[in-house]
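Asks: Below is a structure I'd like to ask you about.
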């Protein structure tokens with residue numbers, strides 16, 4: 001059987017080293033095993049426009065956690081998805097940053113623009129399919145974007161147990177080769 005990866009998917013792997021401490025017997029069997037991630041950037045191709053949609057959902061991003069060979073998905077694992085530090089330089093006041101997360105995926109775009117609701121990272125648990133969907137349905141979403149995009153892209157880190165197991169890049173710009181045209185999805189809350 002031949003399998004292929006969609007052109008929208010990016011397979012990224014990072015091997016873990018076995019921890020030097022002993023893992024308790026009650027710990028999940030996958031705690032010390034090598035991992036890889038697949039990131040589907042959705043219908044936008046991972047590109048949005050910064051001309052519109054402040055606080056709108058950057059929709060369609062799905063992260064799938066697999067074993068080191070990519071053959072088996074891993075459910076029930078906690079992953080932290082983080083905007084890499086070098087892209088988190090300015091305060092989020094006035095909504096100048098490119099991407100951020102919100103603690104409640106159902107909040108409105110207006111509330112998402114408030115400094116108190118803008119997070120550098122979010123920790124979520126993989127579902128039965130080994131997936132984390134950064135948009136939790138068409139009218140809600142953890143990942144939001146603003147009006148000050150970076151044509152060079154924003155790097156995201158995927159972390160498990162304090163170890164970076166993969167990275168991916170998204171774009172929010174109206175100029176250059178990485179230009180996007182999709183404004184994102186306005187949450188039904190407004």
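The values are calculated or read from the model by the stated rules, or taken from the named source; none is laboratory data. Keep in mind that this is a model prediction, so the values were computed, not measured. Virtual Cβ from ideal backbone geometry, glycine too; neighbours counted across all protein chains shown.
Asks: Contact list please: Cβ distance under 9 Å, first residue in region 143-154 and at positive phi and free of Cβ contacts under 8 Å to residues at least 60 places away in the same chain, second residue crowded, with 23+ Cβ neighbours inside 10 Å and not in a loop (DSSP other than H, G, I, E, B), pairs at least six apart or on different chains.
Replies: From residues that are at positive phi and free of Cβ contacts under 8 Å to residues at least 60 places away in the same chain, the pairs are 153/170; 153/171; 153/172.
Asks: I would also like to ask the following. Of all strands (runs of 3 or more DSSP E) completely enclosed by region 34-84, which ones contain at least 1 residues that are under 17 Å from the mean Cα position of the chain (by Cα), under 18 Å from residue 120 (Cα atoms) and touching a residue at least 12 places away in the same chain (Cβ under 8 Å)?
Replies: Qualifying strands (runs of 3 or more DSSP E): 62-67, 78-83.
Asks: Regarding residue 103, is this residue in contact with a helix residue (DSSP H, G or I) (Cβ under 9 Å, 6 or more places away or on another chain) and either in a helix (DSSP H, G or I) or at pLDDT below 90 (or both)?
Replies: Judged against the criteria, residue 103 is not a match.
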